[in-house]
Amino acid sequence: MKSLLFLLFIVSIAVGAGAVLLDAIAPQLGLRFPQEESLPREGGLYIFAQGSQDWARATVDGGDVKNLLVHDMAFVPQVDGSVILLAGLDGVYQSSDRGLRWTKVFKETFKGRVEAFVVDTRTPAPAIYASGLSENGESVVVKSPDGGATFQQILTAGPASKRVVGLALDRFSREKIYALTSDGIFLVSNDSGRSWSSEQIGGGSFVKLLMHPSDPSMLFALTRAGTFYKSTNSGATWRNMEPVLTVNTTAPARVYSVAFASSGGTLYVGTDQGLLRSRNSGESFERIELLLASQRVVTAVAVDPQRSGTIYVGAGQQLLRTTDEGATWQVSSGAIGAGWIGSLTVHPLDSDLVYIGILSS
């Protein structure tokens, strides 16, 4: 695992069918794509490059893409580049070529499903935290203090049904870690995982924990049903945000995806009622009009970390992009067959590259 520290290249989620391999991206990435007909058709991860209207398809271990049902991605910067880690359906995958080719790693640590990643780059060797299933089928959180060379278990959450679906690190405290289980238990450790306290957020099946990029005391949690919770005191108390998600309708919007601008209180949410924007960290929302009525359901949204006015939206099988905060839009449709865009991630060091996850169900 020590080789991870010397590789060159690192979310929200991905399986679909088919895609047009993008020859136009190959010169930019310095790679030659395999022929599309040589790849399986189960689905996979796709890459979009600004200036093109097509998507490139990633491969796994020489072509098997069916296991790239992505739960999370982590970008680990290194001195000479960065490594991408991907938490998937049956373990952890790593790419050193900006995401086109993936290899399974950490096989001895993760025997099955991996849910979430968070990486602390404030240490000489990146500290990796991950949640998933242990060899005996328990839901656990593990930590690697040395960039993946070794791992130690720091939390046992319970049986496999009690999955740890979210992890977050307090940027002002190296020892403070947050975790969220699928049944709504919010956990906090103030000593790097040696001890934990817990609180129940609410009912429902939870799928994601998010931290505000500039205020670590502000946390958000999402449920599978689209309920949106917010805490402004590091998880001590939580509010159901349904009242402010009722925008020109009688029913609150169901939230599928959340993306933050790089600074300030602006955030965007993809919902069953379209794309919503908040200028005050989620206290109120306004609707942003897209191009067509058929794009009413937005299942994925991402903000360019270097150009905050550039936003990507997944609406069905279409990828939309605006460079002026939603005043105008351009659209690109990939040949994905059945399914829809389930996640979008902009590369933090090269914002011309966008990673597209396709959900098949």
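Computed quantities for the displayed model
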{"read-out": "Matching entry among T232, T227, T237 (being among the β-branched types (V, I, T) and within 20 Å of the chain's Cα centre (by Cα))", "value": "T227"}
{"read-out": "Criterion (touching a Leu at 6+ places or on another chain (Cβ under 7 Å), surrounded by fewer than 16 Cβ atoms within 10 Å (Cβ to Cβ) and hydroxyl-bearing (S, T, Y)) met by exactly one of S173, S198", "value": "S198"}
{"read-out": "Where a residue in segment 235-255 is among the small types (G, A, S) and its partner, wherever it lies, is part of a helix (DSSP H, G or I), with Cβ under 6 Å and at least six apart", "value": "A253/L245"}
{"read-out": "In segment 238-263, the residues that are under 21 Å from L169 (Cβ atoms) and assigned to a loop (DSSP other than H, G, I, E, B)", "value": "W238, A261, S262, S263"}
{"read-out": "Scan of segment 271-319 for residues that are surrounded by 20 or more Cβ atoms within 10 Å (Cβ to Cβ), among the aliphatic types (A, V, I, L, M) and at pLDDT 90 or above, ordered by number", "value": "L275, L276, V298, A300, V301, A302, V303, I311, V313"}
{"read-out": "Scan of segment 175-199 for residues that are outside any strand (DSSP E or B) and more than 22 Å from the chain's Cα centre (by Cα), ordered by number", "value": "E175, N190, D191, S192, G193, R194, S195, W196"}
{"read-out": "Enumeration of residues in segment 101-116 that are assigned to a strand (DSSP E or B) and farther than 22 Å from P159 by Cβ", "value": "R101, W102, T103, K104, V105"}
{"read-out": "Among the residues listed as G137, G62, the single one being at pLDDT below 75, part of a loop (DSSP other than H, G, I, E, B) and surrounded by fewer than 21 Cβ atoms within 10 Å (Cβ to Cβ)", "value": "G62"}
{"read-out": "Matching residues, segment 322-343, being at pLDDT below 90 and either aromatic (F, W, Y) or at negative phi (or both)", "value": "Q330, V331, S332, S333, G334, A335, I336, A338, W340, I341, G342, S343"}
{"read-out": "Residue in segment 307-314 that is outside any loop (DSSP other than H, G, I, E, B) and over 19 Å from the mean Cα position of the chain (by Cα) present", "value": "no"}
{"read-out": "Candidate set: segment 86-95, residues that are modelled with pLDDT of 75 or more and surrounded by 21 or more Cβ atoms within 10 Å (Cβ to Cβ); chosen: the one nearest to V141 (Cα to Cα)", "value": "V92"}
{"read-out": "Unmet requirement for N248, which otherwise passes all of (1) buried (at least 20 other Cβ atoms within 10 Å of the Cβ); (2) at positive phi", "value": "(1)"}
{"read-out": "Matching residues, segment 236-245, being surrounded by 20 or more Cβ atoms within 10 Å (Cβ to Cβ) and at pLDDT below 95", "value": "M241, L245"}
{"read-out": "Matching residues, segment 344-361, being hydroxyl-bearing (S, T, Y) and either within 12 Å of A300 (Cβ to Cβ) or at pLDDT 90 or above (or both)", "value": "T345, Y355"}
{"read-out": "Verdict on S131 being within 22 Å of D170 (Cβ to Cβ) and buried (at least 21 other Cβ atoms within 10 Å of the Cβ)", "value": "yes"}
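The values are calculated or read from the model by the stated rules, or taken from the named source; none is laboratory data. Nothing here was measured: the structure is a model prediction, and the numbers come from that model. Cβ coordinates were reconstructed from backbone atoms using ideal geometry, including for glycine residues, and neighbour counts include every protein chain displayed.
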